[in-house]
1. If I ask for residues that are out of contact with any strand residue (DSSP E or B) (no Cβ under 7 Å at 6 or more places or on another chain) and surrounded by fewer than 20 Cβ atoms within 10 Å (Cβ to Cβ), which ones from the stretch 273-289 would you list?
2. Out of all the residues in the stretch 13-57, which are at pLDDT 90 or above, crowded, with 18+ Cβ neighbours inside 10 Å and part of a loop (DSSP other than H, G, I, E, B)?
3. List pairs: first residue in the stretch 103-115 and over 18 Å from Gly31 (Cβ atoms), second residue among the β-branched types (Val, Ile, Thr) and part of a strand (DSSP E or B) anywhere in the structure, Cβ distance under 8 angstrom, at least six positions apart or on different chains.
4. Would you check which residues across the stretch 130-163 are over 20 Å from Asp187 (Cα atoms) and surrounded by fewer than 22 Cβ atoms within 10 Å (Cβ to Cβ) and list them?
Amino acid sequence: MNPANPPASSDTAPTASPLPITVIGGYLGAGKTTLVNHLLRNAQGRRLAVLVNEFGSIAIDEDLIEAEEDGLISIAGGCICCSFGNDLIGAIEDLRAVKPAPDHIIVETSGVALPGAVVASLALMDHIRPDGIVVLVDGETVIKQSRDDYIGDTITRQLLDAEIVVINKRDLISDSTAATLTSALTDLAPSAVQIEASFGTVPLNAVLGAVAVPAQGSVASGGHSDGLFESIAFTPDHPHDVPALAEQLATGPLGVVRAKGYIAGKDGDIWLLQTVGKRWQAERLDHHPTTQLVCIGPKGQLATDEIRSLVQPTL
């Protein structure tokens, strides 16, 4: 990275052209593996690599598996799954050597692991980029668990690490219970955005992020987990103060769970803009990809008009 042109962000920025890594955490029974299977089944052409703590705990749906050899499961669509045991960094380095290389790595932590500690360990590595901490909770039990004398500390620390909280098993709780839960999780996970799900069904782009090839200003809900999410896409031609735009998308009341794209800066360069939850990053690039931006959020909560006015202001 050129120190004269450092990226701006709400946290430590990644190196150029890194391999994105999303960490999925949550207590036992929250639905992490169900979510992973959903992502593999709906990878949309992306080569995903899934790392789990112990090989014996891998529970990939059998109809997705094409082959198993030397501790590596080959999955339909070019995805793979393997374990990392006590050497996460070594496992990631091995995955980077795989040909063709994965497009995205997903780390599914154990039920008692702290995902923030996992991400902190990745700071020792070059050429990778932490791409979000997603913590699943069981909508029926998480509040009781958070108050438990034995496991409550683990639950609350996992939630403090979260950038996206997936309230799983939403179909099993009433609307009034969901409202109470949302309020409680806002206190327990103040830095996270919340999304509701049933059976671990969450849009790929909400969990992993994406750069789409959009139709100008279009809003779409197709393909987003039974219409529970929608996205708005742009090919912006207006130059921006990109760090300021990224911060507005991440922290403003716009309903954005994820945003990613290439934006022209006022300095004449193209910037990579990314948000996950309330964290944002804007990185000046040394090349000029086509400008594009996609924002995704829960249907009915995405402030499409406000986002449009930010991205495509009237001159």
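The values are calculated or read from the model by the stated rules, or taken from the named source; none is laboratory data. Remember, it's a predicted structure, so these values are computed and weren't measured experimentally. When we count neighbours, we look across all protein chains shown, and the Cβ atoms used for this are built from the backbone with ideal geometry, even at glycine.
1. Once the filter is applied, which keeps residues that are out of contact with any strand residue (DSSP E or B) (no Cβ under 7 Å at 6 or more places or on another chain) and surrounded by fewer than 20 Cβ atoms within 10 Å (Cβ to Cβ), the stretch 273-289 yields Asp286, His287.
2. Gly26, Tyr27, Ala30, Gly31
3. His104/Ile21; His104/Thr22; Ile105/Ile21; Ile105/Thr22; Ile105/Val50; Ile105/Ile128
4. Listed by number, the list holds a single entry, Tyr150.
Rundown of residues vs (1) more than 16 Å from the chain's Cα centre (by Cα); (2) within 29 Å of Leu19 (Cα to Cα), yes/no style:
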{"site": "Met125", "(1), (2)": "yes, yes"}
{"site": "Arg129", "(1), (2)": "no, yes"}
{"site": "Ile133", "(1), (2)": "no, yes"}
{"site": "Glu140", "(1), (2)": "yes, no"}
{"site": "Ser146", "(1), (2)": "yes, no"}
{"site": "Ile167", "(1), (2)": "no, yes"}
{"site": "Ala179", "(1), (2)": "yes, no"}
{"site": "Thr182", "(1), (2)": "yes, no"}
